[in-house]
Amino acid sequence: MGDSPPAAQFNDQAIVDLVPMVRRVVGARIRDPHVVDDLVQETLTRVMAAHPRVEAETLAPYAAVTARNLVASFAQRSDRARDKAHLLADVDLAELPGEDLLRQEERSLVGAALARLPSAERDMLVAHEVEGQDTKTLAASRGSSAGAVAAQLSRARAKLRVEYLLEREGIEPPSDRCRPVLRALSAGDRRRQRELDTSGHLLECDCCLRLSVSLLERRPAATGAGETRVAVTKDADVVTARQKGREAAAGVGFSATDLTLIATAISEIARNIVRFAERGEILITVVAENGRHGVTILARDVGPGITNVPEAMRDGYSTYAGLGLGLPGAKRLMDQFDVATEVGKGTTVTMTKWRSRDG
Ligand SMILES: [Zn+2]
């Protein structure tokens, strides 16, 4: 959160306002909609990289010129690999099970997860959530206080979420550290997370990493759209990742402008993996919380890590940002952004965008 908020706010809006114009410039010259997306995103990337050096009023003409240049150099390039990557990305549209089936499945999963809790916690959850007993009543029957019961309930819920997800994925965590880590994530207990070195564990543990996306979003139930995983080692994977992200976000009902912003953020993060890490992957998850919907992008790599995160999060940070907008740019495009890194091991970026309620 190192930015000065008013400036960041202004720049965000300035970039967002450019999207329709850039789209028109590119769209007037290129027919293939995927290529249009690509070039619009590339333009935004460059504009954002430049904007600390460019006055606000200069942004629009700068963006238009950049878009035109990119269109021209695209026309000159005879690189067909890019097009093929688009074709591949379009093939596997997952078949989703019907909603009834999902609900039924979900009920049996919750049942199975409940059965895994210690009986005292299970009974308390059932009394509260199913039978509707309030915390005062529960406290009276247990010789405890309402506050203590509320805390116990919230711990029990956090455990239940973990067991639910393990049940849903049909997995048993690989190490003794996993359950405590998952519970701390599920409970949103940051102090406990630090004690357990949660971010270090997530860099090593596939199982917890996968589950952490759902846990951090407090999503006890599947929304049905599921998640998509893209392995990232080469440039073509960057295109695939942002295609998949766009698809997922489109399914959530994001506006065309938001789709571009999300795809651009994914693009930047994926590009960082290709550029700086040996290999990595991007996990795209549709999320829901308190009636709002969004997408969470989790990008993890095996690589050098980032020595100085606050520095890497500053605009214009040369090593990490390169030509693109880098981490600070991606952060500005999303609503939530978190970096966990370990030098010599790798980096995990988690970012979420929520659909605005009116759009
Ligand atoms: Zn683990």
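Here are the numbers:
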{"item": "Filter result for the condition that a residue is out of contact with any Pro (no Cβ under 6 Å at 6 or more places or on another chain), of a type in the set (Val, Ile, Thr), more than 16 Å from the ligand (Cβ to nearest atom) and open to solvent by less than 40 Å² (accessible area, probe 1.4 Å), over 162, 181, 149", "result": "149"}
{"item": "Scan of segment 203-216 for residues that are in contact with a strand residue (DSSP E or B) (Cβ under 6 Å, 6 or more places away or on another chain) and at pLDDT below 75, ordered by number", "result": "213"}
{"item": "Test for residue 219: is it modelled with pLDDT under 85 and either more than 16 Å from the ligand (Cβ to nearest atom) or not in a helix (DSSP H, G or I) (or both)", "result": "yes"}
{"item": "Conditions (1) open to solvent by 30 Å² or more (accessible area, probe 1.4 Å); (2) at pLDDT 85 or above; (3) touching a Leu at 6+ places or on another chain (Cβ under 6 Å): number failed by residue 168", "result": "(2)"}
{"item": "Residues located in segment 324-355, provided they are part of a helix (DSSP H, G or I), under 23 Å from residue 251 (Cα atoms) and touching a strand residue (DSSP E or B) at 6+ places or on another chain (Cβ under 9 Å)", "result": "330, 331, 333"}
{"item": "Filter pass, residue 155 being part of a helix (DSSP H, G or I), modelled with pLDDT of 85 or more, over 26 Å from residue 303 (Cα atoms) and within 16 Å of the ligand (Cβ to nearest atom)", "result": "no"}
{"item": "Residue count for segment 332-347, restricted to those that are under 18 Å from residue 295 (Cα atoms) and open to solvent by 40 Å² or more (accessible area, probe 1.4 Å)", "result": "3"}
{"item": "Residues satisfying the stated conditions in segment 280-315, i.e. open to solvent by 20 Å² or more (accessible area, probe 1.4 Å), in a strand (DSSP E or B) and in contact with a Gly (Cβ under 8 Å, 6 or more places away or on another chain)", "result": "288, 293, 300, 302"}
{"item": "Conditions (1) within 30 Å of residue 161 (Cβ to Cβ); (2) surrounded by 11 or more Cβ atoms within 10 Å (Cβ to Cβ); (3) modelled with pLDDT under 80: number failed by residue 98", "result": "(2)"}
{"item": "Qualifying residue in segment 252-260 (condition: hydroxyl-bearing (Ser, Thr, Tyr), at pLDDT 85 or above, part of a helix (DSSP H, G or I) and more than 16 Å from the ligand (Cβ to nearest atom))", "result": "yes"}
{"item": "Residue within segment 170-177 that is within 16 Å of the ligand (Cβ to nearest atom), part of a helix (DSSP H, G or I) and within 30 Å of residue 305 (Cα to Cα) present", "result": "no"}
{"item": "Close pairs from segment 117-143: first open to solvent by 40 Å² or more (accessible area, probe 1.4 Å), partner of a type in the set (Asp, Glu), Cβ under 8 Å, at least 6 apart", "result": "128/134"}
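The values are calculated or read from the model by the stated rules, or taken from the named source; none is laboratory data. All of these numbers come straight from a predicted model, not from anything done at the bench. Ideal geometry is used to build each Cβ from the backbone, glycine not excepted, and the neighbour counts take in all protein chains shown. Just the protein is used for accessible areas: all its heavy atoms, side chains included, with ligands, DNA and RNA removed. Shrake-Rupley method; radii C 1.70, N 1.55, O 1.52, S 1.80 Å.
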